[in-house]
Amino acid sequence: MIGARILYHFHNSDKIITLVEYVFPFTGSGYALYGGLLSAISAIGLYAFAKKESFLEIMDCLTPGILIGLSIGRIGCLLAGCCFGKESDMIWAIHYPVGSLPHQWQIANQVVGIFNKPVSVHPTPVYEMLALGLIALLVLYIEKRGKHFNGQVFLIAASSYSFFRLINLFFRADANEDIGLFFYPALYILIMVVTIMVYRFKCNRGKAGYSTE
């Protein structure tokens with residue numbers, strides 16, 4: 001949660017987060033999902049190094065649960081009104097109440113007038129819930145069939161989720177604010193490139209007859 005606060009503050013430097021909120025990060029708002037994920041994965045990597053265990057094997061075990069947990073977390077985003085989408089007239093578009101975060105954003109960005117009701121928007125948290133569910137089913141299917149090497153489940157999940165997050169930016173209303181216009185696409189692309197390269201390396205080692213542990 002501290003990592004999530006750090007990344008949030010990095011691209012929202014105008015929003016003050018006190019030292020108390022960093023020390024006790026269970027109160028208030030101001031979190032960036034990938035900050036929490038990256039800091040947690042880094043901590044697991046340090047643990048695996050210290051214990052001389054396989055980092056990729058540990059991540060394979062944790063990945064399905066992480067995906068399900070993230071999907072449940074999107075319910076909170078949906079109910080809180082954060083991570084909302086751009087205006088939409090699709091039949092599955094959702095309407096937030098007057099005074100909600102999407103309504104305030106629409107007024108501030110002159111999408112609607114101050115006395116107008118909020119317009120319907122893309123349910124981007126729902127999109128993410130569905131994507132996470134599909135990725136979870138995919139990796140569970142891979143595990144059931146039998147992995148070809150340690151890290152296969154984690155690498156597929158990381159690249160797939162980053163790809164979805166990149167696509168979902170086009171539907172997010174606040175995606176172009178601050179440095180998000182460049183920072184997050186670059187981050188997602190970097191993760192996809194790294195995970196795909198590692199995946200190909202592990203596959204090639206397996207074909208050459210080397211150990212893929």
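Each reported figure results from applying straightforward, stated rules to the coordinates on display, with no laboratory input. Fair warning: this is a prediction, and the values are worked out from it, not measured in the lab. Virtual Cβ from ideal backbone geometry, glycine too; neighbours counted across all protein chains shown.
Taken about its Cα centre, segment 76-167 carries a charge dipole of roughly 260 debye when the Cβ of each Lys and Arg holds +1 and the Cβ of each Asp and Glu holds -1. With the crude spin-label approximation of a point 7 Å out along Cα→Cβ, what separation in nm comes out for L130 versus V98? About 3.1 nm, to one decimal. Classify segment 97-193: rounded, prolate or oblate, from the alpha-carbon gyration tensor (a ≥ b ≥ c, eigenvalue square roots; a/c under 1.5 rounded; otherwise prolate if a/b is larger than b/c)? Oblate, since a/c reaches 1.5 and b/c is not below a/b. Of the peptides 151-160, 135-144, the ranking by mean beta-carbon count within 10 Å, highest at the top, reads 151-160, 135-144. Inter-label distance, C82 to C61: 3.1 nm, where each label sits 7 Å from its Cα along the C-beta direction.
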